[in-house]
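Q: This is the structure I have questions about; it appears just below.
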Amino acid sequence: MGLSMPLTLKRQNNIAIVTIDNPPVNAASHAVRQGLLDVVQETERDPTVQAVLLTCAGRTFVAGADIREFGKPPVEPHLPDVLRLIETAQTPWVAVLHGSVLGGGLELAMACRYRVANAGAQLGLPEVNLGLIPGAGGTVQLPRLVSAELALDMVAGGKPISAKAALHAGLIDALTEGALTPFALSFIDNLASHPVRPSTLDKAVNLPVDQAAFDEKVAKVTARAKGQKSPVAAAQAISKGFNLTVEEALQQERETFLKLKDDPQSAALRHIFFAERGTISLERLKGQKLAQIQTVGVVGGGTMGAGIAAACLLRGVSVVLVERDDDAAQAGFKRTADILAGSLSRGLVSQQKHDKMLDSFTVSANYAAFAHADLVIEAVFENFEVKAEVFSKIEAVVRPDAIIASNTSYLDVNALSQTLKHSSRAIGLHFFSPAHIMKLLEIVVPDTVSDEVLASCVAFGRQLGKICVLAGVCDGFIANRIMSAYRRECEYMLEDGALPWEIDEAMLAFGMPMGIYQMQDLAGLDIAWAMRKRQAAERKSDERYVDIADKLCEMGRFGQKSGRGWYIYDGKSRKPDPEVQALILSESSRKGITRISFSPDQIMSRILGRMQTEGHAILNEGIAQRAEDIDVVMINAFGFPRWTGGPMFMEGLSGA
Ligand code: 3HC
Ligand code: NAI
């Protein structure tokens, strides 16, 4: 049959088996849409075909429309038109699902009369994550197969559900743990004795069980969206659709989809989608022999050490954790085990996996325990001398090919590497807290690290499911350096006329998850104070220095833990504090500054300007490889709103 390249069609008796093969994720690109159109026309013409079985080659079913085509003019046939033909075909189509059944892929599956899946399949409509709503019928199809409430959650939340949950919800008809195609063929055999069911769009829509509760859910989506348009539009498409005919609902959906596709938020989210997947493309890493990292050593079982240990264990890597003494080792064990227990209680891992992780985890007070480690990561106190001593103790016991890494936040990883006999094995692996959850890993590249070690660490980061970004050596690397810069800018604004809660409000309204002063109060003000005292001697005399934070600490205001910091706390409730306001005002007057008022836009413009200036400096110095990497870091380290594309994208530097 004369099909377009990514599709093949073969016959097995009276069943037509069509296979989409469009690596890497079988996206519904133009050739796939054309191929499907050809198949549906061909099979409709052939009266001997009793059913069409739709399968995909490779690791997944269709994972969505082809995002790479979104920036270009649309080319016929359009996906909704192809799906309507499949939907209304006389010959029933059966979708055979594995891997990621997402977006246009799920819409395609829902356009088929029947759906069977293997247990590993994930089904979802994640378009909101790209600033869109489904555009090929998803918001109309889904509430005709599953409850209105689940449809709202899936379309507005964008999270996929498991095949098991999909079976329970009515989204698929059958599930197998075994081989999928034979299962699907026998499913079709069993259908032969039944009349063909109506198509999805011919079913009645499932109305909310409780309209008031449903409306409340919609209101929550709007509140949580904090300025992102797509979740709100998705919730509205579902809720308005209840009162529309199928044709009206499809038209409403398509219009919203096309409008959102051209919105800057969607361009920004697509930018980040590709930026996160393209962080590392270094010529020097290509073809390197990769170390197999099966056992990781961790020094220090505090906040970070325990999180790093858990991150490894959750990905099947064995861990040996060394602490200062037996008691500290046991405390580190408990801290890590608590994280694993949390994963178990939230249903993220099975009891069997949980027990296996504990079996692969040992603690010790003796560095000799690292004899078999492939990589050792230190996460001890942020102090150069302490870390240097730990580095040399590690080097004394590990295999000659073992990698030695530091999780330092700010210290000079070049200088730390030089404390080793073999500096080519040293690297910075800067995790973010909580390390088992945060997706970002800054890989800090010292001058002397070997290509093999660097490539192996990138592979290791990916093994842990992290987004790896390369960073050069400087104070704070990418994330913390930009954070220090805009924190300083905020302090200047305090002296110039703003108040902490005004700055926080402006940041929240912009879409940040927390204001900078709320964040400082949560983390505690004392550690940064200690660091500033250490750095005081090196500070240039002509540098603008704001003393307010130091004065708060001198007053014993260490943040939430001491009940007072930038704010005053009553339990968990936080209030502006007149004492802090008085201190700020008196500091402005002490420095002879006439205070001016700042609007939220002016506050954000100074913060963004500072982030961008520091971003440029970081690029010029070669600390970051690409402007996009800075966006990826800011979004994944600090919750900079994703739908803006990041500070560098906002400035128009990194392009759509
Ligand atoms: N279009 C084009 N390319 C895509 C793609 C898509 N929908 N989805 C993934 N890719 C590409 C990635 O860019 C990457 O390319 P690279 O190797 O050149 O970097 C490659 O496929 C592999 O992707 P991942 O590295 O993300 O692989 P994972 O195995 O980690 O994840 C996935 C696979 C879960 C499918 C993930 O890629 C994903 O979530 N993709 C996006 C799914 C999505 O949003 N679908 C909806 C699209 S919008 C839509 O369908 C509109 C419709 O309603 C009309
Ligand atoms: P922490 O104080 O919670 O833990 C440090 C642990 O190291 C303690 O349990 C201590 O007993 C142990 N330790 C100290 N010296 C040791 C030695 N010689 N041998 C063995 N164990 C030793 O500190 P935290 O927050 O876990 O930070 C650790 C490192 O991670 C620091 O370098 C910090 O800058 C960095 N970091 C911290 C982040 C955070 O958010 N807390 C984020 C990213 C990096």
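The values are calculated or read from the model by the stated rules, or taken from the named source; none is laboratory data. Since the model is a prediction, treat every value here as computed from it, not as a measurement. Quick reminder, even Gly has a Cβ in these numbers, built from the backbone with ideal geometry, and neighbours come from all protein chains shown.
Q: Filter segment 174-202 down to residues that are touching a helix residue (DSSP H, G or I) at 6+ places or on another chain (Cβ under 6 Å) and in a helix (DSSP H, G or I), then give me how many there are.
A: Looking only at segment 174-202, we keep the residues that are touching a helix residue (DSSP H, G or I) at 6+ places or on another chain (Cβ under 6 Å), and these are 174-176, 199-201.
Going one step further and asking which of them are in a helix (DSSP H, G or I), we end up with 200-201.
Number of matching residues: 2.
Q: Within segment 157-210, take every residue that is acidic (Asp, Glu) and under 30 Å from Val221 (Cα atoms) and give me the one that is surrounded by the most Cβ atoms within 10 Å (Cβ to Cβ).
A: We begin by selecting, within segment 157-210, every residue acidic (Asp, Glu); these are 173, 177, 189, 202, 210.
Of the ones still in play, those that are also under 30 Å from Val221 (Cα atoms) are 173, 202, 210.
On the way: Asp173: 17, Asp202: 11, Asp210: 11.
Per the stated criteria, the residue is Asp173.
Q: For the structure I just gave you, tell me whether Tyr517 is within 29 Å of Tyr545 (Cα to Cα), more than 22 Å from the chain's Cα centre (by Cα), more than 16 Å from ligand 1 (Cβ to nearest atom) and crowded, with 19+ Cβ neighbours inside 10 Å. Give the derivation first.
A: Numbers: within 29 Å of Tyr545 (Cα to Cα): yes; more than 22 Å from the chain's Cα centre (by Cα): yes; more than 16 Å from ligand 1 (Cβ to nearest atom): yes; crowded, with 19+ Cβ neighbours inside 10 Å: yes.
So Tyr517 fits the description; yes.
Q: Hey, can you tell me all the residues within segment 95-152 that are more than 11 Å from ligand 1 (Cβ to nearest atom), within 22 Å of the chain's Cα centre (by Cα) and part of a strand (DSSP E or B)?
A: Leu123
Q: Among the candidates Ala371, Ala396, Ala341, Ala402, which residue alone is away from ligand 2 (no atom under 16 Å from the Cβ), loosely packed, with under 15 Cβ neighbours inside 10 Å, in contact (Cβ under 8 Å) with a residue 24 or more places away in the chain and hydrophobic (A, V, I, L, M, F, W, C)? Explain how you work it out, then say what you get.
A: Values: Ala396 fails: away from ligand 2 (no atom under 16 Å from the Cβ); Ala341 fails: in contact (Cβ under 8 Å) with a residue 24 or more places away in the chain; Ala402 fails: loosely packed, with under 15 Cβ neighbours inside 10 Å.
It is Ala371.
Q: May I pose another question? Could you go through segment 556-564 and let me know if any residue there is part of a loop (DSSP other than H, G, I, E, B), in the same structural domain as Arg606 (by TED's automatic domain parsing) and surrounded by fewer than 15 Cβ atoms within 10 Å (Cβ to Cβ).
A: As a first pass, look at segment 556-564 and keep what is part of a loop (DSSP other than H, G, I, E, B): 556-558, 563.
Still in the list and also in the same structural domain as Arg606 (by TED's automatic domain parsing): 556-558, 563.
Okay, now just the ones that are also surrounded by fewer than 15 Cβ atoms within 10 Å (Cβ to Cβ), so 556, 563.
Taking every residue of segment 556-564 in turn, at least one turns out to be part of a loop (DSSP other than H, G, I, E, B), in the same structural domain as Arg606 (by TED's automatic domain parsing) and surrounded by fewer than 15 Cβ atoms within 10 Å (Cβ to Cβ).
Q: Can you name every one of the helices (runs of 4 or more DSSP H) wholly within segment 588-656 that holds 2 or more residues which are more than 24 Å from Phe432 (Cβ to Cβ)?
A: Values: elements: 600-620, 627-638, 647-650.
Answer list for segment 588-656: 600-620.
Okay, residues lined up against (1) surrounded by 15 or more Cβ atoms within 10 Å (Cβ to Cβ); (2) closer than 19 Å to Met154 by Cβ; (3) charged (D, E, K, R); (4) assigned by TED's automatic domain parsing to the domain that holds Leu79:
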position: Ser239; (1), (2), (3), (4): yes, yes, no, yes
position: Glu247; (1), (2), (3), (4): no, no, yes, yes
position: Glu253; (1), (2), (3), (4): yes, yes, yes, yes
position: Thr256; (1), (2), (3), (4): yes, yes, no, yes
position: Ala268; (1), (2), (3), (4): yes, no, no, no
position: Ile272; (1), (2), (3), (4): yes, no, no, no
position: Ala275; (1), (2), (3), (4): yes, no, no, no
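Q: On the given criteria, is Arg224 exposed (fewer than 15 other Cβ atoms within 10 Å of the Cβ), of a type outside the set (Val, Ile, Thr) and in contact (Cβ under 8 Å) with a residue 40 or more places away in the chain?
A: Details: exposed (fewer than 15 other Cβ atoms within 10 Å of the Cβ): yes; of a type outside the set (Val, Ile, Thr): yes; in contact (Cβ under 8 Å) with a residue 40 or more places away in the chain: no.
So Arg224 does not fit the description; no.
Q: Filter segment 424-445 down to the residues that are assigned to a loop (DSSP other than H, G, I, E, B) and within 21 Å of the chain's Cα centre (by Cα) and list them by number. Steps first, answer last, please.
A: From segment 424-445, those assigned to a loop (DSSP other than H, G, I, E, B) are 432-439, 445; that's our starting set.
The answer is Phe432, Ser433, Pro434, Ala435, His436, Ile437, Met438, Lys439.
Q: Further question on the same structure: Step by step: first the residues of segment 18-31, then only those that are of a type in the set (A, V, I, L, M) and either in contact (Cβ under 8 Å) with a residue 40 or more places away in the chain or crowded, with 22+ Cβ neighbours inside 10 Å (or both), then the one that is nearest to Trp93 (Cα to Cα). Which residue is that? Step through it out loud before you land on a result.
A: At the first step, the residues of segment 18-31 found to be of a type in the set (A, V, I, L, M) are 18, 20, 25, 27-28, 31.
This time we only want the ones that are either in contact (Cβ under 8 Å) with a residue 40 or more places away in the chain or crowded, with 22+ Cβ neighbours inside 10 Å (or both), so: 18, 20, 25, 27-28.
Details: Val18: 10, Ile20: 14, Val25: 21, Ala27: 19, Ala28: 17 Å.
Of everything passing the filter in segment 18-31, Val18 is nearest to Trp93 (Cα to Cα).
Q: Among the residues of segment 598-612, is there at least one that is basic (Lys, Arg) and farther than 19 Å from Arg270 by Cα? Can you show your working first?
A: So the first thing to find is which residues in segment 598-612 are basic (Lys, Arg), and the list is 606, 610.
Remaining after also requiring farther than 19 Å from Arg270 by Cα: 606, 610.
Scanning segment 598-612, I find at least one residue that is basic (Lys, Arg) and farther than 19 Å from Arg270 by Cα, so the answer is yes.
Q: Another question, if that's okay. So which of Ala528, Ala549, Ala523, Ala536 ends up being in contact (Cβ under 8 Å) with a residue 40 or more places away in the chain, under 22 Å from Met483 (Cα atoms) and small (Gly, Ala, Ser)? I'd like the intermediate steps shown before the answer.
A: On the way: Ala528 fails: in contact (Cβ under 8 Å) with a residue 40 or more places away in the chain; Ala523 fails: in contact (Cβ under 8 Å) with a residue 40 or more places away in the chain; Ala536 fails: in contact (Cβ under 8 Å) with a residue 40 or more places away in the chain.
After applying the criteria, what remains is Ala549.
Q: Of everything in segment 25-76 that's closer than 19 Å to Leu132 by Cα and part of a strand (DSSP E or B), which residue is nearest to ligand 1 (Cβ to nearest atom)?
A: Ala65
Q: Any residue in segment 358-378 that is more than 16 Å from ligand 1 (Cβ to nearest atom) and modelled with pLDDT under 95?
A: Start the filter on segment 358-378 by keeping residues that are more than 16 Å from ligand 1 (Cβ to nearest atom), which leaves 358-378.
Then keep just the ones that are modelled with pLDDT under 95; that gives none.
No, segment 358-378 has no match at all.
Q: Only one of (1) under 25 Å from the mean Cα position of the chain (by Cα); (2) assigned by TED's automatic domain parsing to the domain that holds Gln141; (3) outside any loop (DSSP other than H, G, I, E, B) is not met by Lys159, so which one is it?
A: Of (1) under 25 Å from the mean Cα position of the chain (by Cα); (2) assigned by TED's automatic domain parsing to the domain that holds Gln141; (3) outside any loop (DSSP other than H, G, I, E, B), only one is false for Lys159: (3).
Q: Against the conditions (1) under 18 Å from Asp475 (Cβ atoms); (2) modelled with pLDDT of 95 or more, where does Asn383 fall short? Just the number, please.
A: Unmet condition: (2).
Q: Another one. Give segment 405-448 a look and list any residue that's surrounded by 22 or more Cβ atoms within 10 Å (Cβ to Cβ), away from ligand 2 (no atom under 13 Å from the Cβ) and under 15 Å from Val376 (Cβ atoms), or say none.
A: Listed by number, the residues that qualify are Ser417, Arg425, Ala426, Ile427.
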